[in-house]
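Have a look at the structure below before the remarks.
The values are calculated or read from the model by the stated rules, or taken from the named source; none is laboratory data. Predicted, not measured: the structure shown is a model, and the values here were computed from it. Positions of Cβ are generated from backbone atoms using ideal geometry, with glycine treated the same way; all protein chains shown enter the neighbour counts.
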Amino acid sequence: MAIERTLAIIKPDAVGRGLTGEILSRIHAAKFRIIVIKTRRLTKREAEGFYAVHRERPFFAELTEFMSTSKAVVMVLEAENAIAKWRDTMGATDPSKAASGTIRKDLGASIQCNCTHGSDAPETAAFEIGYFFSGSELV
Ligand code: CMP
């Protein structure tokens with residue numbers, strides 16, 4: 001298996017509920033290496049650019065509004081097979097359908113307030129990491 005990097009976000013719902021430490025503990029327990037991490041309040045425009053792939057979906061306006069309401073934690077995680085591994089650690093998008101022991105099952109409130117985001121493929125990871133971090137932050 002190859003060493004990969006993925007973008008991870010602790011979304012505003014989780015930050016607002018004081019879950020940042022709990023989620024970072026799970027990231028450490030799963031043995032990801034955090035390459036870079038920062039807190040950011042996204043502008044609506046940044047959220048729209050980040051989620052542009054979903055712009056035709058009915059939830060786009062609500063999603064980008066929610067993602068720009070308050071601070072999020074944005075980071076790059078590295079591990080073997082990091083993209084799939086982080087998606088497994090998060091669980092399914094809809095917390096009610098997520099496997100037990102996953103972040104979204106244990107902590108998520110709804111399909112929108114589902115605590116975390118992760119890239120879904122190598123091309124998406126490259127776009128999403130480059131959206132928030134420059135080359136010198138990624139060495
Ligand atoms: P995320 O992994 O960040 O990718 C897109 C987000 O859209 C997703 O998590 C959900 O939080 C949000 N979303 C809101 N409604 C839906 C829906 N009906 N189906 C899929 N994603 C949704």
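Suppose we keep only residues that are farther than 14 Å from residue 14 by Cβ and within 13 Å of the ligand (Cβ to nearest atom) within the stretch 82-97. Which one would you say is surrounded by the most Cβ atoms within 10 Å (Cβ to Cβ)?
This residue is 86.
Taking helices (runs of 4 or more DSSP H) that fall entirely within the stretch 1-74, which contain at least 3 residues that are modelled with pLDDT of 95 or more, surrounded by 15 or more Cβ atoms within 10 Å (Cβ to Cβ) and within 15 Å of the ligand (Cβ to nearest atom)?
12-16, 44-50, 60-67
Would you please list the contacts, defined by Cβ atoms under 9 Å and residues six or more apart or on different chains, that run from a residue in the stretch 35-49 that is free of Cβ contacts under 8 Å to residues at least 40 places away in the same chain and farther than 27 Å from residue 3 by Cα to a residue that is small (Gly, Ala, Ser) and in a strand (DSSP E or B)?
41/72; 42/72
In the stretch 98-120, which residues are aliphatic (A, V, I, L, M), surrounded by fewer than 20 Cβ atoms within 10 Å (Cβ to Cβ) and under 14 Å from residue 13 (Cβ atoms)?
Answer for the stretch 98-120, where residues must be aliphatic (A, V, I, L, M), surrounded by fewer than 20 Cβ atoms within 10 Å (Cβ to Cβ) and under 14 Å from residue 13 (Cβ atoms): 109, 111.
Please enumerate the residues belonging to the stretch 51-88 that are among the polar types (S, T, N, Q) and out of contact with any strand residue (DSSP E or B) (no Cβ under 8 Å at 6 or more places or on another chain).
From the stretch 51-88, those among the polar types (S, T, N, Q) are 64, 68-70, 81; that's our starting set.
Of everything in the stretch 51-88, those that are among the polar types (S, T, N, Q) and out of contact with any strand residue (DSSP E or B) (no Cβ under 8 Å at 6 or more places or on another chain) turn out to be 64, 68, 69, 70.
Might you let me know whether the stretch 101-114 holds any residue that is within 15 Å of the chain's Cα centre (by Cα), under 21 Å from residue 54 (Cα atoms) and of a type in the set (A, V, I, L, M, F, W, C)?
yes
So the check is Cβ under 8 Å with 6+ separation or different chains; which pairs have a first residue in the stretch 82-100 that's assigned to a helix (DSSP H, G or I) and modelled with pLDDT of 95 or more and a second one that's acidic (Asp, Glu) and more than 13 Å from the ligand (Cβ to nearest atom)?
The qualifying pairs are 82/4; 83/4.
Considering each residue of the stretch 98-119, count those that are out of contact with any strand residue (DSSP E or B) (no Cβ under 9 Å at 6 or more places or on another chain), within 15 Å of the ligand (Cβ to nearest atom) and not hydrophobic (A, V, I, L, M, F, W, C), and give that number.
5
Could you figure out which of (1) within 11 Å of the ligand (Cβ to nearest atom); (2) surrounded by 13 or more Cβ atoms within 10 Å (Cβ to Cβ) isn't true of residue 78?
Residue 78 satisfies all of (1) within 11 Å of the ligand (Cβ to nearest atom); (2) surrounded by 13 or more Cβ atoms within 10 Å (Cβ to Cβ) except (1).
(1) modelled with pLDDT under 95; (2) buried (at least 19 other Cβ atoms within 10 Å of the Cβ): which one isn't true of residue 135, the others all being true?
(2)
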